[in-house]
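The values are calculated or read from the model by the stated rules, or taken from the named source; none is laboratory data. It should be emphasised that the depicted structure is a prediction, and the values quoted were computed from it without experimental measurement. Here the Cβ positions follow ideal geometry from the backbone for every residue, glycine too, while neighbour counts run over all protein chains shown. SASA here: full protein model, heavy atoms, side chains in, ligands and nucleic acids out. Shrake-Rupley method; radii C 1.70, N 1.55, O 1.52, S 1.80 Å.
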Amino acid sequence: MANADDLADSVQFLHHRPPFDQLDESALLSLCQQLLVHYQPHVKDGPIGASQHLNIIRSGAVELRNRHGALVDRLHEGDIFGISSVLDQNTHGLTVHTLEDCLLYHIPKSVFDHIMSQHTVLAEFFRSLADRRQNLHALESATSHPLLQTVDHWMSRTLITAGPQHSIQQAAVLMTEARVSSILVVDKGQLLGIVTDRDLRSRALVPGLDIHTSITDIMTRTPTTLHSGATLLDAQWLMSERQLHHLPILKRGAPVGMLTVSDLMHAQEDSPLFFIQRLSRESTLDGIQKQMSGAQQWLDRLRQQDSALPLLGQLYTTVMDGLTRRLLQLGEKKLGPPPMAYGWLAFGSQARREMTLESDQDNGLILAREPHEREAQYFADLATWVCDGLNACGLRHCPGNVMASNPEWRLSVDQWSAQFAHWIDTPTQEALLFSTIFFDWRLIAGPDHLQSGLRERMQTIQPNSRFLAMMTQSALRQSPPIGFFRSLLLTHSGEHKNKLDLKHEGIALINDLARLHALAVHSEENNTLNRLMAAEDHQSLSSGLAQDLRLAWRLLTRLRQRVGNTGDHSGHWLNPDQLSPNERQQLKAAFRTIKDAQAAALQKFAGGFAG
């Protein structure tokens with residue numbers, strides 16, 4: 001160190017910071033005497049140079065990124081980086097990017113090696129931290145599990161496109177020359193529609209259209225699309241649900257690739273569609289229960305594998321969607337054909353495709369029109385059959401009775417639309433509470449046009465609306481459990497004394513923030529991570545904050561699943577004493593991110609007024 005003041009400052013700084021708080025006074029003093037103080041100016045357009053030092057951030061902030069450029073971790077005062085370099089020559093290819101000017105403490109490699117050999121506790125901490133960084137790297141970057149990889153790893157990037165001025169014949173020639181089975185119709189970078197070889201046969205050849213007819217006459221307008229950052233599991237679910245063979249992939253609203261059924265054939269291992277196919281062959285509730293027992297065992301095995309935890313919510317939701325559809329089919333077989341078109345709506349975590357093994361039901365029915373007495377009884381019987389069947393298969397009845405078996409949530413298209421309008425136009429506390437449940441919705445079964453009125457109603461919400469301001473204020477009444485001095489705030493008494501509520505004080509807060517931004521930018525995404533990406537694309541959230549929130553959500557979700565593995569059936573009460581020092585630091589960083597995002601949302605949607 002340069003002088004006695006610097007030495008005293010470094011001792012004081014490290015004395016209360018893990019893992020250096022495990023050193024006795026003489027060992028800590030010896031370490032601080034060998035520290036090198038380094039001023040690192042902010043580098044705007046790239047990583048800082050690699051070094052053979054362990055680095056402690058005295059002030060400032062940096063990001064760790066993987067070799068693909070994806071964010072792995074964001075580090076602040078007191079955090080450590082460079083472990084991978086001094087342990088194994090940075091085989092993971094992580095790079096360090098400054099967010100501002102930094103003051104760093106360098107620990108030379110020779111001093112680090114001595115610490116590793118002499119202090120077992122510190123050695124375990126550093127190895128654990130290196131492993132955890134690798135796990136975080138796996139969360140945001142390409143993973144070895146195909147279903148978790150983003151679709152841009154699997155899609156074809158060679159797009160075959162036509163303009164609205166092209167004829168059917170010209171489009172067919174382009175498809176033949178490129179040896180593809182579909183063509184996108186694009187105008188000024190925006191996707192207008194898609195034409196497949198099936199469309200050419202059924203919409204052009206069979207009706208005998210003139211070959212010079214415009215391609216727009218036979219294209220599927222505003223086709224179903226997917227964001228390039230969505231997972232292959234998202235694509236698999238969507239294509240199976242809507243019977244699609246071609247799925248255009250968009251980034252920032254523009255087409256960047258195409259995913260086909262043949263692309264999905266390479267990623268069938270551990271697919272929930274395996275169980276859904278089995279369910280479709282069962283004709284009794286007893287048979288379905290037996291199949292679901294097998295699915296539960298499969299999910300339980302996955303739950304024990306830390307690397308599979310990010311998949312679990314989507315896998316479980318996909319299985320439950322398939323179960324719901326099969327119960328509806330058997331219900332119609334039992335009760336007879338439905339007297340009108342209807343749809344089954346999922347709300348909450350099922351709508352977001354984020355279910356856990358502790359989830360309960362949240363669902364409703366949407367009817368084409370208001371039913372008369374006999375029709376109303378049919379749908380009451382159908383809803384009761386399905387809700388009871390779900391309960392028998394392990395998806396518990398909703399304690400709040402938000403289920404299709406409750407006539408309050410068995411409404412016509414017009415009634416649902418009026419209900420949504422009432423909540424938006426009259427944002428009472430009850431309306432805001434219902435909005436957090438029902439504005440996460442997804443049509444599980446039934447014709448898509450039934451929900452078009454709900455979509456149109458949601459498009460009326462403006463970023464500066466009274467509804468969004470009050471929804472923001474209501475959502476921010478719950479804060480993450482992080483104190484002014486970055487300490488964790490634990491429950492003080494009762495059954496869960498000295499624990500954290502990961503669900504209500506963490507995950508749900510991110511869900512609320514993602515919903516707010518999705519409503520503000522009129523995104524139809526319902527999954528939390530996809531909503532955050534949409535908010536980033538529409539610049540409602542900064543890229544840095546959006547990425548940090550995704551990392552925080554993934555970390556909290558993994559910890560919640562781990563709690564579930566311990567037998568805590570609530571699945572969300574965590575004792576932080578069971579975490580390693582590094583995990584505690586990551587948890588604090590996640591809560592700080594949520595707090596920052598809440599402050600930004602309050603300023604953006606409510607003028608900074610907390611209400």
### Query
Quick one, what does Rg over Rh come out to for the range 171-228 if you take C-alpha atoms and the Kirkwood Rh?
0.97
## Note on the structure
Longest principal axis of the chain (C-alpha) makes with the long axis of helix 232-241 (C-alpha) an angle, in degrees to the nearest 10, of 10
### Message
Students often forget the sequence filter, so: which lysines lie under 24 Å Cα-Cα from Lys595 once same-chain residues fewer than 8 apart are removed?
### Response
Lys497, Lys499, Lys503, Lys604
### Message
If I stretch the segment between Lys109 and Ser293 completely, what's the gain in nm (0.36 nm per residue apart, minus their alpha carbon distance), one decimal?
### Response
60.9 nm
### Task
Any chance you could give the angle, 0 to 90 degrees and rounded to 10, that helix 4-15 forms with the longest Cα principal axis of the chain?
40
#### Entry: Modelled FRET efficiency - R0 60 Å, Leu29 with Leu285, Cβ distances, 0.05 increments
0.25
### Task
Compare the peptides 359-372, 394-407 by average per-residue count of other Cβ atoms within 10 angstrom and give them in order, highest first.
359-372, 394-407
### Query
Counting pairs of Cα atoms in the chain, how many percent are more than 40 Å apart?
35
### Summary
Heavy-atom accessible area per residue of the chain, all protein chains kept, 1.4 Å probe, expressed in Å², is 45
### Query
Dipole size in debye (nearest 20) for the chain around its Cα centre, Lys and Arg Cβ +1, Asp and Glu Cβ -1?
740
### Amide H within-cut-off set for Ile444, under 5 Å, with H built and near neighbours excluded
Trp344, Leu345, Ala346
#### Entry: Within the chain, percent of DSSP bridges classed antiparallel, to nearest 5
85
### Message
Could you sort the peptides 452-465, 320-333, 414-427 by per-residue average Cβ neighbour count (10 Å cutoff), highest mean leading?
### Response
320-333, 414-427, 452-465
### Task
Work from the charge dipole of the chain (Cβ charges, +1 for Lys and Arg, -1 for Asp and Glu, about the Cα centre) and give the residue of Asn363, Thr593, His517 farthest towards its positive end.
Asn363
### Task
Rounded to the nearest 0.05, what FRET efficiency do Leu335 and Arg198 give with R0 = 45 Å and r taken as the Cβ-Cβ distance? Could you check?
0.85
### Task
Could you size up the charge dipole of the range 495-566 around its Cα centre, putting +1 on the beta carbon of Lys and Arg and -1 on that of Asp and Glu, and report it in debye to the nearest 20?
420
### Message
What whole-number distance in Å separates the alpha-carbon centres of the range 425-446 and the range 450-520?
### Response
14
#### Entry: Theoretical gain in end-to-end length, Glu124 to His42 [0.36 nm per residue, Cα-Cα removed]
26.4 nm
### Förster radius 35 Å - calculated FRET efficiency between Gln539 and Gln12, Cβ distance, rounded to 0.05
0.25
## Note on the structure
Net charge (Lys, Arg +1; Asp, Glu -1) of residues whose beta-carbon lies under 9 Å from that of Asp321, Asp321 excluded, is +2
### Query
Share of the range 293-450's accessible area from carbon and sulfur, percent, 1.4 Å?
50
### Message
If I fit a long axis through the Cα atoms of helix 109-118 and take the longest principal axis of the Cα atoms of the chain, what angle between them do I get, 0 to 90°, rounded to 10?
### Response
90
## Note on the structure
Here the relative contact order (percent) of the chain, from C-alpha pairs under 8 Å and at least 6 apart, is 9
